[in-house]
Structure formats: C-alpha cells, structure tokens
Amino acid sequence: AQVNRGWRVQFNNAIGPYKGGLRFDPGLTESVLKFLGFEQCFKNALTGLPIGGAKGGANFDPKGRSDDEIMRFCQALMNQLVHYIGPNRDIPAGDIGVGQREIGYLFGQYRTLTREFVGALTGKGVSFGGSELRTEATGYGVLYFVKDMLDRAGGDVDGQRIAISGAGNVALHAAEKAIALGARVVTLSDSGGTMHDADGLEQEQLETVKRMKQDRGCRIEQVAEEVGWDYRKGETPWSAECDIALPCATQNELDSDDAKALIDNGCRLVAEGANMPCTADAVDRFQDKGVLYAPGKAANAGGVAVSGLERAQNAQHLVWTRNRVDDELQKIMRDIHDRCERHGGNGDGRPVNYRRGANIAGFEKLADAMIAQGVL
Ligand code: NDP
C-alpha cells in the first residue's frame, strides 16, 4: 500500500470560517503550510469578505497518475478531512496540483460521507455549485490589480512586455487577461525550463499551450517546440527583457540576483501571482530601485475572493452570471488596491509601498476583530 501524509492548518477564524487552498506536492511539509496559512489570514482580510485563513494538502505526487488513482487519493484524503471542514467551519479550495477535477472528487466524497449537498469546498464544477470565473479568477485578478497600479502611476497595460513564470492555473489565466488587455507575454515556464519569444504570445498560441498543458499534461519543452518558441532548459524567466514580471509558479522562485537581472533589463513593476515567490532580499532590491512591487496577499487575492463569492452563491442557492462575478472581482481588486494605497501611500504622489499597505490593512482588520472578541 502507498501511504501519504495530509495536513490542514486552521490558522485564524476571527473574521469568518477558515478558508484556503489544498496543495498536492511531493515536497510539501507542515512548515510550508503554516506560512501559507499565516499569509492567507491577511489576504482574506484584505478582500473585505468574511473569511478566515487556513491551508492544507498532502505530500502526494499527482504527476503521471491516472484519473482513477487521483480519484482514489482524493477520496482517501476526504475520509479524514471530513471531520474538520464544513460550510460554516472550514471551506478548502484548490492550489498547486489541485484543480477542478480534484475538487470534484473531494466534493463527491464529502457529499457521500455527510449525505448533505452544501458548499463545503470551492472551485467546484459550474454544473454543481461552482462559481463562474473561479478558475480564471486568480490570474485575471492579478492583471486587474496591475492595471490599477499602472492607473495610479500614470501608465497602461497595453503594449507592455510581461514575463510570466509557471504554466498552471494562475500563469495561464494571467497570460490570457494580459493578452486581452493588449500586453505582450514573452515567457512561460515550468520546473524544467522557460519558453521565450520577444514578440509575445498570440491568443491562438495560448489556446495550444492550454490544451497541451491542461488536457495532456505536456511539459513546457514540448509546448515551446509546438509553438516555435525558444526553450531555455533549466532557466527561469528572469533574464528576459520585460517591463513587468509576474511570478506565478511557486514560493522563493525569484531571488535577489534574479531581481537585479530584471531591473537591469528594464523591469518596472512586479506583481506576485504565486504565494511568496520573491525572496525578502529580492523585494528589498525592487523597492530600493523604485520598482513597483505588489505582494501576493494583495495581487493574487482574486482567487479566494471568487471562492468567497462561490460560498455566498451556495448559501443563497443561486447562480450568478459570469458578468456579475467579473464585475464583483474587478471591484474587489480595486478595493484591495485602495486599501493598500491608504496604508502604504505617502500622500504626496510618490509611489505606493504596496508591501507595507497590504500588511497594515490586513493586520489591522484581523487584530481589531480578535481584540473585540476577547481573550479566548
Ligand atoms: P498549478 O499546479 O496549476 O501550476 C503550478 C505551476 O508552477 C506549474 O506550471 C509548475 O510546473 C510550476 N512550478 C511548480 N513548482 C515549480 C518550481 N519549483 N519551479 C518552477 N516552476 C514550478 O498551480 P496554481 O497555478 O494554482 O498555483 C501557482 C501559485 O499560485 C502557487 O504559489 C499558489 O499557491 C498560488 N495561488 C494559487 C491560487 C489559485 O487560485 N489556484 C490562488 C492564489 C495563489 P511543473 O508542472 O513543472 O511542476
């Protein structure tokens, strides 16, 4: 028999039930989930929705597994997780290695075990309680946030060269919205290497990438060959010339040397699609050189925000249209931007310190709620 370890770190539920993703990754440890859960509390507070913070997952490697094997693992995990989650207690969603297929299997087992059809998970298929736009929300939200940053700084997404890392849910939907807004996406990557083209990705090529990655699980090396792009084995995107960098793969994927290379190559804005992809040294370097920098807890909050909207729809027994969810998402990203500006702006037209603004705004809300509820 194969044995894997699963975790759920329930960090804080002072402003709402625990909420945060589940990750399947063979290298996963409890300490990774603790820092992700900690960050999630402030991110969720920043969205303005009533949701607390948690994170979970298992050290299961989904790569190369059949559908049946994935299903059986999800069922085994839910047999344990069922005791800790629920629509008013803790509502997990997807993350690295956990997409709509996995959430479907987890939800099916939850429903079987509890004999209740309730919104105990988000990221479900749209035909059984999932929200329109949940799949796209994190990547789209990153671009909405970048647009707000550029609006504030007097710029525009149109015509910008954008380096994106990763080729998963967040990266591909960030690329899709970037193209729709007129930008040139010059890189995508995975843990094997980076594909690069200075002219940028066409919408048609993006469809090919999505098909190859999502339906067939291809590597970026194969994708690069198919669309006729350069492939740089073992390299990250951070040596490419670009105006904007969007790290959308995983934690600590962009260090201080990468930050220097980006700055030398003309990068003026960095927004985190992934959770904590930039090391602390890299962030210091960006801020020293006046590069606009948005932390993940602000820039990638669109995913959990639409998860919050999915929970609201489930509780109302209603389904909102795609346009309505998109409008709400844009409004939430703008509100997060404004909160960051309020706490991280200098009031004198100088660039906003988004790191400071996001930390203070998230912390204040949570701390106030905890103090008001007394010592427990
Ligand atoms: P996916 O599993 O869909 O995609 C992850 C991508 O990152 C894959 O292309 C993967 O490549 C790549 N990757 C993973 N590890 C590495 C590595 N060490 N070096 C280079 N590339 C790597 O995950 P998501 O897109 O959902 O998540 C990406 C990030 O965004 C994570 O940090 C996640 O926590 C964060 N996030 C996700 C949200 C969501 O809604 N899904 C919400 C908010 C944040 P490979 O196939 O080679 O492993």
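Observations
- Screening the candidates G344, G290 for the property of being under 17 Å from A153 (Cβ atoms), out of contact with any Leu (no Cβ under 8 Å at 6 or more places or on another chain) and surrounded by fewer than 14 Cβ atoms within 10 Å (Cβ to Cβ) yields one hit, G290.
- Test: residue in the range 302-311 that is more than 24 Å from D335 (Cβ to Cβ), part of a helix (DSSP H, G or I) and either open to solvent by 10 Å² or more (accessible area, probe 1.4 Å) or touching a strand residue (DSSP E or B) at 6+ places or on another chain (Cβ under 7 Å) (or both): no
- Residue that is touching a residue at least 40 places away in the same chain (Cβ under 8 Å), within 18 Å of the chain's Cα centre (by Cα) and open to solvent by less than 40 Å² (accessible area, probe 1.4 Å), where the choices are A163, A183: A163
- Considering each residue of the range 144-162 in turn, none proves to be hydroxyl-bearing (S, T, Y), farther than 30 Å from D348 by Cβ and within 16 Å of the ligand (Cβ to nearest atom).
- Residue match in the range 307-320 (condition: away from the ligand (no atom under 16 Å from the Cβ), closer than 24 Å to P295 by Cβ and not charged (D, E, K, R)): no
- Some residue of the range 164-182 being under 22 Å from V98 (Cα atoms), of a type in the set (G, A, S) and part of a strand (DSSP E or B): yes
- Residue within the range 71-86 that is within 16 Å of the ligand (Cβ to nearest atom) and out of contact with any helix residue (DSSP H, G or I) (no Cβ under 8 Å at 6 or more places or on another chain) present: yes
- Contact map, the range 283-306: first residue within 19 Å of D326 (Cβ to Cβ), second residue modelled with pLDDT under 95 and surrounded by fewer than 24 Cβ atoms within 10 Å (Cβ to Cβ), Cβ cut-off under 6 Å, separation 6 or more or different chains; the map is empty.
- Out of T250, T194, sole residue that is over 23 Å from R101 (Cβ atoms) and either in a loop (DSSP other than H, G, I, E, B) or within 14 Å of the ligand (Cβ to nearest atom) (or both): T194
- Test: L262 is assigned to a helix (DSSP H, G or I), within 30 Å of E328 (Cα to Cα), more than 10 Å from the ligand (Cβ to nearest atom) and open to solvent by less than 30 Å² (accessible area, probe 1.4 Å): no
- Members of the range 22-77 that are in a helix (DSSP H, G or I), hydrophobic (A, V, I, L, M, F, W, C) and over 22 Å from V304 (Cβ atoms): I70, M71, F73, A76
- Answer from E241, E221, E207, E226 - the residue that is outside any strand (DSSP E or B) and in contact with a Phe, Trp or Tyr (Cβ under 7 Å, 6 or more places away or on another chain): E221
- Just one residue in the set D151, D158 is within 25 Å of Y354 (Cα to Cα), open to solvent by 60 Å² or more (accessible area, probe 1.4 Å) and assigned to a helix (DSSP H, G or I); that residue is D151.
- Close Cβ contacts (under 6 Å, 6 or more residues apart or on different chains) running from residues in the range 142-153 that are closer than 13 Å to C340 by Cβ to residues that are open to solvent by 20 Å² or more (accessible area, probe 1.4 Å) comprise D148/R334; M149/L292.
- Scan of the range 100-133 for residues that are in contact (Cβ under 8 Å) with a residue 60 or more places away in the chain, part of a loop (DSSP other than H, G, I, E, B) and touching a Gly at 6+ places or on another chain (Cβ under 8 Å), ordered by number: V118, G119, T122, G123, K124, G129, G130
- Residues being away from the ligand (no atom under 14 Å from the Cβ) and acidic (D, E) - total across the range 163-183: 0
The values are calculated or read from the model by the stated rules, or taken from the named source; none is laboratory data. None of the values given here were measured: they were computed from a predicted structure. Cβ coordinates were reconstructed from backbone atoms using ideal geometry, including for glycine residues, and neighbour counts include every protein chain displayed. In case anyone asks, the SASA skips ligands and DNA or RNA and just uses the protein heavy atoms, side chains included. Shrake-Rupley method; radii C 1.70, N 1.55, O 1.52, S 1.80 Å.
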